[in-house]
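Novice: Just passing along the structure, written as structure tokens.
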Amino acid sequence: MSNQTTALVTGANKGIGYEIAAGLGALGWSVGVGARDDVRREASVEKLRAAGVDAFGVPLDVTDDASVTAAAELLGDRGGLDVLVNNAGITGESPQEPTVVDPAVIRTVVETNVIGVVRVTNAMLPLLRRSPAPRIVNMSSTVGSLTLQSANTDATGPISAAYAPSKSFLNAVTIQYAKELGDTNILINLGCPGFVATDLNGFRGYRTPEQGARIAIHLATLPDDGPTGGYFDDNGPIAW
């Protein structure tokens with residue numbers, strides 16, 4: 001491992017992911033821009049470099065085993081990995097009311113938002129275990145909170161049998177990782193960016209991507225005695 005901290009951000013070619021990469025790069029880190037679209041990925045790398053970030057492209061489709069394996073090999077060849085931000089995600093097609101949703105939509109959303117996170121995390125763990133201060137940040141949402149969903153608050157979003165449950169699933173899986181990795185120095189946490197204006201929601205959000213990136217940057221830079229297995233937004237812990 002080099003002395004420079006290296007991070008990988010999935011889905012980093014636009015929106016919140018791009019701003020996470022920019023924020024971590026502003027700390028002097030080397031940042032891998034993980035994205036499956038070659039043109040958009042390289043354009044983002046060039047833009048980050050123009051802003052002074054030590055950025056490099058990582059071809060990465062989180063739903064493809066071979067792609068994820070190749071990404072891990074690329075990072076290994078570059079010297080290792082210290083921080084993984086699992087940001088890539090999709091909402092899935094409508095309608096998502098449980099009485100009419102196509103089960104294939106649920107399957108597709110879970111494949112990216114949950115299984116994709118597991119696939120990438122497990123591929124990167126051998127590199128992270130070699131880091132002196134490894135961190136994993138899984139980007140979740142308050143819509144994944146069963147407490148808030150059952151209270152039917154404004155934070156729950158529209159009725160969803162695919163996207164919202166996928167975030168609840170991700171939350172549950174992250175807890176299991178925290179339990180298994182509890183005797184290591186790897187800190188793994190969930191972050192909610194808030195309702196950010198991105199193409200994921202038709203730019204209906206009221207927060208900027210820069211604001212949405214703050215929680216991921218915070219969790220990526222936790223001290224060694226920081227929390228693990230937590231679920232946070234900018235205001236602190238979120239009710240499960």
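Novice: Taking the stretch 10-46, which residues are free of Cβ contacts under 8 Å to residues at least 24 places away in the same chain and more than 19 Å from the chain's Cα centre (by Cα)?
Specialist: Scanning the stretch 10-46 gives ASP38, VAL39, GLU42, GLU46.
Novice: Continuing with this model, one more query. Specify which of the listed residues (ASP54, ASP77) is surrounded by fewer than 22 Cβ atoms within 10 Å (Cβ to Cβ), closer than 11 Å to VAL31 by Cβ and among the charged types (D, E, K, R).
Specialist: ASP54
Novice: From the list GLY194, GLY182, which one is surrounded by fewer than 18 Cβ atoms within 10 Å (Cβ to Cβ) and assigned to a loop (DSSP other than H, G, I, E, B)?
Specialist: That would be GLY182, the only listed residue that is surrounded by fewer than 18 Cβ atoms within 10 Å (Cβ to Cβ) and assigned to a loop (DSSP other than H, G, I, E, B).
Novice: Moving to a separate point now. Among VAL109, VAL117, which is touching a strand residue (DSSP E or B) at 6+ places or on another chain (Cβ under 6 Å), surrounded by 15 or more Cβ atoms within 10 Å (Cβ to Cβ), closer than 16 Å to SER168 by Cβ and not polar (S, T, N, Q)?
Specialist: VAL117
Each row is one residue, and each column tells you yes or no for (1) more than 18 Å from ILE90 (Cα to Cα); (2) in a loop (DSSP other than H, G, I, E, B).
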site: GLY32; (1), (2): yes, no
site: VAL39; (1), (2): yes, no
site: SER44; (1), (2): yes, no
site: LEU48; (1), (2): yes, no
site: GLY52; (1), (2): yes, yes
site: GLY57; (1), (2): yes, no
site: THR63; (1), (2): no, yes
site: VAL68; (1), (2): no, no
site: ALA71; (1), (2): yes, no
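Novice: Run down SER166, SER160 and say which single residue is in contact (Cβ under 8 Å) with a residue 24 or more places away in the chain, closer than 26 Å to GLU93 by Cα, among the hydroxyl-bearing types (Ser, Thr, Tyr) and not in a loop (DSSP other than H, G, I, E, B).
Specialist: SER166
Novice: So, ASN152, is that one within 26 Å of ASP102 (Cβ to Cβ), without any contact (Cβ under 8 Å) to a residue 12 or more places away in the chain and either touching a Cys at 6+ places or on another chain (Cβ under 8 Å) or polar (S, T, N, Q) (or both) or not?
Specialist: When the stated conditions are applied, ASN152 passes them.
Novice: Same structure again: Looking only at residues in the stretch 206-235 that are acidic (Asp, Glu) and outside any loop (DSSP other than H, G, I, E, B), which one is surrounded by the fewest Cβ atoms within 10 Å (Cβ to Cβ)?
Specialist: GLU210
Quick note: the coordinates plus some simple rules give every number you see, no bench work behind them. Not measured: the values here are computed from a predicted model. Glycine gets a Cβ as well: all are built from the backbone with ideal geometry, and neighbour counts include every protein chain shown.
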